[in-house]
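Here is the structure we will look at.
The values are calculated or read from the model by the stated rules, or taken from the named source; none is laboratory data. Keep in mind the model is a prediction, meaning the values are calculated, not measured. Cβ placement follows ideal geometry from the backbone for every residue including glycine, while neighbour counts extend to all protein chains displayed. Just so you know, the surface numbers come from the protein's heavy atoms only, side chains and all, with ligands and any DNA or RNA stripped out. Shrake-Rupley method; radii C 1.70, N 1.55, O 1.52, S 1.80 Å.
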Amino acid sequence: MPNFWPGLLLSLVPAALLNRPVGRLLRAHWVVGFLLLLGLGGVVVATLLPDAFQLSEDVVRHCTVRGGRPRSPHELLHVRHIELKLATYVPVGFAAALAGTRRRAAVALLGAAALPFGVSVLQYAVPAIGRACDVQDVWDGVQGVVLGAALGLVVGPVLRAVTRSRARSRAA
């Protein structure tokens, strides 16, 4: 994926411009909005942009639905091209888990979990981008969201406690 890093750098622009409104929408810190937008930019770059930005007119529309499965911890530690797709979903799950209220976090996590399915539907529906949908990509995306959400659910209470203690020390 030669365009991954340039595309990710370009996704910094909307993340920088829209992080505060997204953070307010989620009732979370602006950093959560930034991570969510940057993660979504990574997902778009890794899964929906045509390779080398060349549109293909003779792509056969198909989906591979055999052989999909969750990856083992051993496979997760040996990063290859496909695991990069899994890793792009981790910040989305992380940011969704850190949404301000439980209800907003639940809605954000449901949206994040639906994202890999939506990406595969787009890959199937728009054959000109030259990406074929694959059930393994859906598994990778869901697994990335779950890993990010688990990390967010562990780190979230610690971050909130640190923020509260800093606010108390400033007030005193």
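Taking θ as phi - 60° and the Karplus parameters 6.51, -1.76 and 1.60, the scalar couplings of the stretch 33-47 work out to x, 4, 4, 4, 5, 5, x, 5, x, x, 5, 4, 5, 6, 10 Hz in sequence order, x denoting glycine and proline. Remark: relative contact order (the chain) = 27 percent; criterion is Cα-Cα distance under 8 angstrom and separation of 6 or more residues. Axis of helix 12-26 versus longest Cα principal axis of the chain: the two differ by about 60°, to the nearest ten degrees. In this simple spin-label model, placing a label point 7 Å from the Cα along the Cα-to-Cβ direction at both ARG27 and VAL135 gives a separation of 3.9 nm. Sorting VAL22, VAL107, VAL92 on solvent-accessible area from highest to lowest, probe radius 1.4 Å, gives VAL107, VAL22, VAL92. Taking amide H atoms as placed 1.01 Å from N in the peptide plane, the amide H of ASN3 lies under 5 Å from those of ALA52, each 5 or more residues away in sequence or on another chain. Since only GLY39, VAL155, PRO6 are under comparison, the one whose Cα sits farthest along the positive direction of the charge dipole of the chain, derived from C-beta charges on Lys, Arg, Asp and Glu, is VAL155. Each residue of the stretch 161-169 is assigned a 3J(HN,Hα), and the resulting list reads 5, 5, 4, 5, 5, 5, 5, 5, 5 Hz, derived from the Karplus form 6.51 cos²θ - 1.76 cosθ + 1.60 (θ = phi - 60°), x at Gly and Pro. Computed from Cα positions, the angle between helix 102-125 and the longest principal axis of the chain comes to roughly 10 degrees. With only Cα atoms counted, the chain has Rg and Dmax values of 17.5, 67 Å. Helix-only arithmetic for the chain: the sum of -39500 (n - 2.57) across DSSP H runs with n ≥ 4, divided by the residue total, places the mean residue ellipticity at 222 nm at -24000 deg cm²/dmol. Residues whose amide H lies under 5 Å from that of ASP134, counting only those 5 or more places away or on a different chain, are THR64; hydrogens are built 1.01 Å from N in the peptide plane.
With a Förster radius of 25 Å, plug the Cβ-Cβ distance of ARG104 and ALA171 into 1/(1 + (r/R0)^6) and report the FRET value to the nearest 0.05. Walk me through the numbers on the way to the answer.
Numbers: r = 26 Å, r/R0 = 1.06.
Efficiency computed from Cβ-Cβ geometry: 0.40.
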